[in-house]
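Enquirer: Starting off with a structure, shown below.
Here, each number is a calculation from the coordinates, and none is a lab measurement. Just so it is clear, the model here is predicted, and its values are computed rather than measured. Cβ atoms come from the backbone with ideal geometry, glycine included; neighbour counts cover every protein chain shown.
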Amino acid sequence: MEDVTTLIQSFRPVNGYDPPQAMKLYEHWAETYEQMAELGFKNFEGVDGSQGMLDLAAKTDLYKDLRLALLGPEPLPAQPGVFDVVIIVGALYAGFVPVSVVRELCNAAKPGGFIVMMRANHRGEPNAKYTEDLKRELQLMEEEGLWTPVGTKQVDRYMEFPHLDTKGAEDPQDLLIGGTVYLYKKSMQ
């Protein structure tokens with residue numbers, strides 16, 4: 001916990017969100033991604049906006065294909081309708097990827113496939129608006145028959161809050177923010 005806190009603090013921006021600093025933080029987190037193989041998953045394909053993240057992912061020998069793309073400004077570089085599971089972690093946040101990316105994720109899943117979206121419940125006005133826009137898009141896609149919700153789960157300990165000064169924190173819980181995990185199943189159409 002102390003090492004992670006030190007790492008996050010070393011990337012803390014002085015004046016708000018700093019994309020290059022955020023990429024450095026995610027590159028360090030990428031070193032733990034091989035744990036999914038231990039759970040039996042295989043045949044991964046990955047997309048990231050950071051070449052450093054892709055380089056670390058390539059070293060794991062888990063991925064059969066890795067592509068560099070900034071989702072939103074660039075389309076998801078994936079074949080439509082072929083993936084059993086499509087996962088996005090941490091990027092559904094104001095300033096990272098637009099809400100419209102959710103449709104691209106759904107499009108990449110095969111009929112009956114799953115879409116897993118995990119995001120931190122960041123505080124502040126930009127995230128509050130993003131959260132409302134995301135909820136609206138998820139509902140609209142359900143109404144359009146693109147997918148059905150399987151479940152949504154709130155988690156108390158999603159990640160350490162990356163912009164807090166952790167020195168002197170009495171309770172480690174004060175350093176954590178919650179998150180939301182969404183699971184959808186693509187329609188068979």
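Enquirer: Could you run the Karplus curve 6.51 cos²θ - 1.76 cosθ + 1.60 with θ = phi - 60° over the range 48-59 and give me ³J(HN,Hα) per residue in whole Hz, x for Gly and Pro?
Expert: In residue order, the calculated couplings are 8, x, 10, 5, x, 5, 5, 4, 5, 4, 4, 5 Hz.
Enquirer: Below 14 angstrom from the Cβ of residue 136, what's the summed charge of the other residues (Lys, Arg +1; Asp, Glu -1)? Please list the in-between numbers first.
Expert: Values: positive: 103, 129, 135; negative: 132, 133, 137, 142, 143, 144.
Net charge in that neighbourhood comes out at -3.
Enquirer: How far is it, in nm, from the label point at residue 188 to the one at residue 148 when both lie 7 Å from their Cα along the line to the Cβ?
Expert: Taking the simple label geometry, residue 188 and residue 148 are separated by 1.0 nm.
Enquirer: Could you pull out every residue, at least 5 positions away or on a different chain, whose amide H is within less than 5 Å of the one on residue 66? Hs are placed 1.01 Å off N in the peptide plane, and Pro or chain starts have none.
Expert: Excluding prolines and chain starts, which carry no amide H, the hits are 46.
Enquirer: Here's another thing I want to ask about it. If you count, for each residue, the other Cβ atoms within 10 Å and average over each peptide, how do 138-148, 101-111 line up from highest to lowest? Write out the running numbers ahead of the final one.
Expert: Details: 138-148: 14.1, 101-111: 18.9.
Order by mean packing, descending: 101-111, 138-148.
Enquirer: Quick check: residue separation of residue 155 and residue 58 times 0.36 nm, minus the Cα distance between them. What number comes out in nm? Working shown, then result.
Expert: Values: separation 97, 0.36 × 97 = 34.92 nm, distance 2.97 nm.
This chain segment gains 32.0 nm when fully extended.
Enquirer: Let me ask you something else. Among the listed pairs 153/186; 59/186; 42/110, which have their C-alpha atoms separated by more than 23 angstrom in this model?
Expert: Violating the 23 Å limit, Cα to Cα: 59/186.
Enquirer: Can I ask one more? By the scheme Lys and Arg +1, Asp and Glu -1, what is the net charge of all other residues having a beta-carbon under 13 Å from that of residue 69?
Expert: -4
Enquirer: Once you place label points 7 Å from the Cα toward the Cβ at residue 133 and residue 70, how far apart are they in nm?
Expert: Label at residue 133, label at residue 70, 1.6 nm between them.
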